[in-house]
Each structure stands twice: as C-alpha cells, then as structure tokens.
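What follows is calculated from the coordinates using simple rules that are stated; it is not laboratory data. A quick note: this is a predicted structure, and the numbers were derived from the prediction, not measured. FYI the Cβ positions are ideal-geometry reconstructions off the backbone, even for glycines, and counts take in every protein chain you see.
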Amino acid sequence: MVNLLIQNEFDQALADAHAPLRRVRPEILQLNVGKLCNLTCVHCHVNAGPARKEIVTGETIDRILEWYEQTDIPTLDLTGGTPEMVPDFRRLVETVRNFDQPRRVMDRLNATIINEPGYEWVAEFLAEHEVEIIASMPCYEPDNVNEQRGDGVFDRSIEAFQKLNELGYGRDPKLVLNFVYNPNGGFLPPEQTALEADYKREMKEHFDIDFNQLFCIANMPIARFASYLKRNGELQSYMEVLKDAFNPTTVEGLMCRNTINVSWLGEVFDCDFNQMMKLPLRHDPPAGDGGKGEPMFLWEIDHETFENVPILTGNHCFGCTAGSGSSCGGALT
C-alpha cells in the first residue's frame, strides 16, 4: 500500500537507531474539523484564521459518526481551527457522548472563544458533557502569549480559565483542564515537569487558576511557523536543532502509532501534521497505473486491520522525536 523503502532523513534516522515505527491498535480518533478560528497564531501548523472557509459539513460528520460508533476506539480528539465554531460541533459531541458505548471526548480549545459574542454557551456545554479541555497557554506571562497569539489574548484567556474553574474545570476530577505550552521561537520546549510546576505556581498565585497538566509540544517546521522561520532566516537552523536532538526512545510513544487522524473532508492521515503537509493515506493505484492511488476516507477503512497500514513519514517528523519528544499529549520521555 505504501512504499516502505527509506525515503527521507527521518526514515534513515529510524533505521540507524534500530527504532521501527509501527502502528498499534487505534486508541484515538482525531478529527480536525477545519481551519476556521478566531485567532491567527504565529505557531499554528494549520494556518487557521477567521477568514478560512474549510470546515467539516454535517453530511461528513454523519458518515464519521456512523463509522465511529461501530468501533471500540475509546477517545475522540477534536481539533482545528477552533472546533466550537463549526455549526455541528454540539451535535457531534452530544452524539458521541450518548453512544451505547460512550466515548471520551477531548476538545483542543482556544479559550478566548468562550468570551466571543455568540459563543457564550461553550463553557457550560463542555462542562455538561464532561468534555476534556486541552487549551493553548504558551506562557504565564502576558508579553509572550500576546506576541505568539495576538494582542489581548492573554487577558481574555485568563478570564476564560477563571470561568472554567468556576464551573469545576481543573478542580472537579470529572472536568479535566490541561494547558499546552509551545515555544515562542525556533527552540525546543523545556523539561515538562519543571515547567508545569512553574505554571501551577504562577497561575495560582497571580490569577487563582487551577489546571490538571501541562503539555509541552514542539513547534513543527510547517505551515505558518515555517513561514515565520523563513522570514527570520531560521528555518534551516531549526531543522538542524530538531535533527541533532533526535531521540529514538520517543518513537514508541509517537501519536501516529495509535491515532487515526481525519480531515474536515473525511480523508485519513497518520497525524495532523501530515494532514497539513497533504500526505494522506492512499489506496493502491490501479494495476499498471504508475500514479498515486486515491486518498482513503475514514468510512472506507477497517479499524480492525488498520494497524497493518504503514506510517508515512517526512523530515518534519523530527519535530516529534527531538529532545523529550512531542505528541498531542505533551512530552514522551
């Protein structure tokens, strides 16, 4: 189905380290609902923003739900863009939480949406359905956050987190609130445990905000962040940082091993980064056709045998294996 020959430097690094990259049984269905967002962040690997039109349709959601309910995949991970801006967001969450076998739902929340006109329902809705929140918070100091995510975002985020705390998020064991740290430039995240302790101290002392965990995620050298690096003449040096910090012990924990990533169109990818690199999984081309096969759609795959499908890689994958590693759940080692 996919050529297993070494095709890039990342493949070579895996081979040299005797660190094979193979799937395991799917545990997470990650749906990128589209590129619509109320912010335009420098580090965004999706190139999301307020003017983007790419969002999942109700028909595609129906097909995804029909497929998903027939599986035993325990977790639905919603990302974007800003998932709550999709018209069918509430229907999607309610349906999954009301399956005969209810699933855990995670929402990669841009917290500022909570205070946007027309989205006042978001916080209460997420709490009612016990949706786990993973929220971007690049720093506990205003200047760094505003530089990366836009003027005023820090204060609006603090206000949103305080509201979530009032509803029980970060305090009630059933209402999980996790933060995400992304570096504010072309360097690797610091050690996650120590930074989490700093965050918890500063957020509590200055804003009386509680949260559960901090996830440190490296910036990927793609899309808007790659453009930022190019403008500053730092793209090549950042790639060297990632390659030099390759850590083979992170491979076992890579999210591509246990995650099925799906686009707003329903196409299947190994991860959200491959999705933005336009590297879908494909069917075999017709016999005698030297071209590429057609992209796979979620409702065309068998989740029982999906672990046999090879994983597509590229040099951007060094972003997930550098230093302590990086996944949608933070550091790997």
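Using only the Cα atoms, work out Rg/Rh for region 214-279, with Rh taken as the Kirkwood radius, to two decimals.
1.01
Which of His283, Gly325, Leu265 sits farthest toward the positive end of the charge dipole of region 232-333, with +1 on the Cβ of Lys and Arg and -1 on the Cβ of Asp and Glu?
Farthest towards the positive end: Gly325.
Quick one: grab the alpha carbon gyration tensor of region 166-210, order the square roots of its eigenvalues as a ≥ b ≥ c, and give me rounded if a/c is under 1.5, else prolate or oblate depending on whether a/b is larger than b/c. List each step's numbers first, then the result.
Working: a/c = 2.50, a/b = 1.89, b/c = 1.32.
Prolate.
Can you check what the net charge comes to around Ala135, using other residues whose Cβ is under 11 Å from the Cβ of Ala135 (Lys, Arg +1; Asp, Glu -1)?
Numbers: positive: Arg108; negative: Asp107, Glu132.
Around Ala135, the charge tally is -1.
Under 23 Å between C-alpha atoms is the cut-off here; go through the chain and count lysine pairs that meet it, provided they're at least eight residues apart or on different chains.
Lysine pairs meeting both conditions in the chain amount to 13.
Suppose only helical runs count, i.e. DSSP H with n ≥ 4. What mean residue ellipticity at 222 nm does that imply for the chain under -39500 (n - 2.57) per run, divided by all residues and rounded to the nearest 500 deg cm²/dmol?
Numbers: 11 runs with 103 residues, N = 333.
Rounded to the nearest 500, it is -9000 deg cm²/dmol.
With N set to the residue count of region 208-322, report its C-alpha Rg divided by 2.2 N^0.38 Å to two decimal places. Could the numbers behind the result be given before it?
Working: Rg = 17.0 Å, N = 115, 2.2 N^0.38 = 13.4 Å.
Its radius of gyration relative to the 2.2 N^0.38 Å reference: 1.27.
Using DSSP to call loops (not H, G, I, E or B), can you name the GluC sites (Glu not before Pro) in region 183-265 whose Cβ has at most 15 other Cβ atoms within 10 angstrom?
Passing both the DSSP loop test and the Cβ count: Glu191.
Using the membrane-span-like helix rule (whole DSSP H runs, Cα extent along the own axis of at least 20 Å, mean Kyte-Doolittle hydropathy at least 1.0), which helices of the chain qualify? It would help to have the intermediate numbers written out before the result.
Numbers: long enough: 153-167 (21 Å, -0.20); 192-207 (21 Å, -1.43).
Length and hydropathy pass: none found.
Once you list every other residue whose beta carbon is under 14 Å from the beta carbon of Tyr119, what net charge do they have if Lys and Arg are +1 and Asp and Glu are -1? Could you put the intermediate results ahead of the total?
Values: positive: Arg90, Arg156, Lys163; negative: Glu84, Asp107, Glu116, Glu120, Glu124, Glu159.
Within the 14 Å Cβ shell, the charges total -3.
Only sites in a loop by DSSP and with at most 12 other Cβ atoms within 10 Å count here; which chymotrypsin sites (Phe, Trp or Tyr not before Pro) in region 8-73 make the cut?
Numbers: sites: Phe10, Trp67, Tyr68; in loops: none.
Hits after loop and neighbour filter: nothing returned.
What are the extents of the Cα atoms of region 86-134 along their three principal axes, in Å, largest first?
34, 20, 16
Name the residue from Leu76, Leu31, Ala15 whose Cα lies farthest towards the positive end of the charge dipole of region 1-124, charges +1 on Cβ of Lys and Arg and -1 on Cβ of Asp and Glu.
So the residue we want is Ala15.
According to the Cα gyration tensor, what semi-axes, each the square root of 5 times an eigenvalue, does the equivalent ellipsoid of region 126-268 have, listed from largest to smallest in whole Å? Mind showing how you got there, number by number?
Values: eigenvalues 154, 82, 52 Å².
The equivalent ellipsoid of region 126-268 has semi-axes of 28, 20, 16 Å.
How much net charge surrounds Asn315 when only the other residues with a Cβ under 14 Å from the Cβ of Asn315 are counted, with Lys and Arg +1 and Asp and Glu -1? Intermediate values should be presented prior to the final figure.
Values: positive: Lys243; negative: Glu9, Asp11, Glu240, Asp244.
Its environment carries a net charge of -3.
State whether region 16-57 is rounded, prolate or oblate according to the following rule on the C-alpha gyration tensor (a ≥ b ≥ c being the square roots of its eigenvalues): a/c under 1.5 gives rounded; otherwise a/b larger than b/c gives prolate, and the remaining case gives oblate.
Working: a/c = 4.42, a/b = 1.93, b/c = 2.29.
Oblate, because a/c is 1.5 or more while a/b does not exceed b/c.
Please report, in whole Å³, the volume per residue of the convex hull around the C-alpha atoms of the chain.
Output value, Cα hull per residue: 136 Å³.
Indicate the gyration tensor shape class of region 19-109 (rounded, prolate or oblate), computed on the Cα atoms with a ≥ b ≥ c the square roots of the eigenvalues: a/c under 1.5 is rounded; otherwise a/b larger than b/c is prolate and the rest oblate. Write down the numbers at each step before the final one.
Numbers: a/c = 2.23, a/b = 1.28, b/c = 1.75.
Cα axes put region 19-109 in the oblate bin.
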